[in-house]
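The structure is given below, and queries will be raised subsequently.
The values are calculated or read from the model by the stated rules, or taken from the named source; none is laboratory data. All values derive from a computational prediction rather than experimental measurement. Backbone-built Cβ (ideal geometry, glycine too); neighbour counts: all protein chains shown. Heavy atoms of the whole protein, side chains included, go into the accessibility calculation; ligands, DNA and RNA do not. Shrake-Rupley method; radii C 1.70, N 1.55, O 1.52, S 1.80 Å.
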Amino acid sequence: MGNIELFIIAIGLSMDAFAVAISKGLSMRRMNYKTALITGAFFGGFQALMPLLGFMLGTRFESYITSIDHWIAFILLSIIGFNMIKESRGPCEVIEDRFNLKDMVVLSLATSIDALAIGVTFAFLRVDILPAVSMIGVITFIFSFLGVKIGNVFGECYKSRAEFFGGIILILMGIKILLEHLGFMG
């Protein structure tokens with residue numbers, strides 16, 4: 001998997017955090033850059049940590065699953081993508097204007113569970129994990145920081161679109177991985 005594919009996956013993974021960050025920005029009366037930095041750090045940190053944990057789990061079980069790893073990658077990416085699309089169509093969640101440690105950990109975990117599955121996929125695809133998780137963390141940090149700002153300035157209209165397009169990106173990456181392993185793409 002090349003840097004372009006990793007970059008695209010990182011953008012797709014960051015869309016959940018971006019959507020929640022927009023909601024955080026919506027709940028602020030005035031833009032608070034410290035809060036935006038903290039939000040970016042939490043979301044980016046968890047988005048980097050979870051694929052690393054998934055990678056460690058995946059490498060442990062790799063010998064059992066190598067023959068079907070491309071199907072697992074396709075299924076995991078598709079499930080995550082379809083779930084993001086479904087969430088983009090559902091009712092909006094109200095996120096309060098609170099930034100305590102417990103809330104940030106819960107939100108960070110909730111937005112990074114899909115990254116755990118991506119980490120398992122990375123193990124099967126033999127991705128160089130440190131650059132991959134660094135890219136995911138940095139991109140999620142940037143998107144989350146910008147999400148707080150966008151939410152504070154523009155409002156709710158971007159939240160569902162971000163989740164929708166993030167889901168589409170992950171599904172397309174899953175299809176690409178499957179087609180490459182089946183020999184339809186070179």
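Does region 155-162 include one or more residues that are open to solvent by 50 Å² or more (accessible area, probe 1.4 Å), of a type in the set (Phe, Trp, Tyr) and modelled with pLDDT of 80 or more?
No.
Checking the conditions here, which among GLU62, GLU87 is over 18 Å from the mean Cα position of the chain (by Cα) and either crowded, with 20+ Cβ neighbours inside 10 Å or modelled with pLDDT under 80 (or both)?
On the way: GLU87 fails: over 18 Å from the mean Cα position of the chain (by Cα).
Exactly one residue qualifies, and that residue is GLU62.
Pick from region 1-31 the residues that are among the hydroxyl-bearing types (Ser, Thr, Tyr) and assigned to a helix (DSSP H, G or I): which of them is surrounded by the most Cβ atoms within 10 Å (Cβ to Cβ)? Can you show your working first?
As a first pass, look at region 1-31 and keep what is among the hydroxyl-bearing types (Ser, Thr, Tyr): 14, 23, 27.
Next cut, assigned to a helix (DSSP H, G or I) only: 14, 23.
Values: SER14: 31, SER23: 20.
The residue in question is SER14.
Follow-up. ALA48 is checked against (1) surrounded by 19 or more Cβ atoms within 10 Å (Cβ to Cβ); (2) modelled with pLDDT under 80 and fails just one. What number does that condition carry?
(2)
Within region 3-34, track down each residue that is over 18 Å from the mean Cα position of the chain (by Cα) and modelled with pLDDT under 90. Before the answer, list the steps.
Keep residues of region 3-34 that are over 18 Å from the mean Cα position of the chain (by Cα), which gives 25-34.
Hits for region 3-34 are GLY25, LEU26, SER27, MET28, ARG29, ARG30, MET31, ASN32.
Determine, yes or no, whether VAL120 is open to solvent by less than 70 Å² (accessible area, probe 1.4 Å), at pLDDT 80 or above, more than 14 Å from GLY81 (Cα to Cα) and not in a helix (DSSP H, G or I).
On the way: open to solvent by less than 70 Å² (accessible area, probe 1.4 Å): yes; at pLDDT 80 or above: yes; more than 14 Å from GLY81 (Cα to Cα): yes; not in a helix (DSSP H, G or I): no.
Against the criterion (open to solvent by less than 70 Å² (accessible area, probe 1.4 Å), at pLDDT 80 or above, more than 14 Å from GLY81 (Cα to Cα) and not in a helix (DSSP H, G or I)), VAL120 does not qualify.
So is LYS34 open to solvent by 70 Å² or more (accessible area, probe 1.4 Å), of a type in the set (D, E, K, R) and farther than 20 Å from LEU116 by Cβ or not? Step through it out loud before you land on a result.
Numbers: open to solvent by 70 Å² or more (accessible area, probe 1.4 Å): yes; of a type in the set (D, E, K, R): yes; farther than 20 Å from LEU116 by Cβ: yes.
So LYS34 passes the test.
Exactly one condition in (1) at pLDDT 90 or above; (2) among the small types (Gly, Ala, Ser); (3) touching a Pro at 6+ places or on another chain (Cβ under 7 Å) is false for ALA115; which is it?
Of the numbered conditions (1) at pLDDT 90 or above; (2) among the small types (Gly, Ala, Ser); (3) touching a Pro at 6+ places or on another chain (Cβ under 7 Å), the odd one out for ALA115 is (1).
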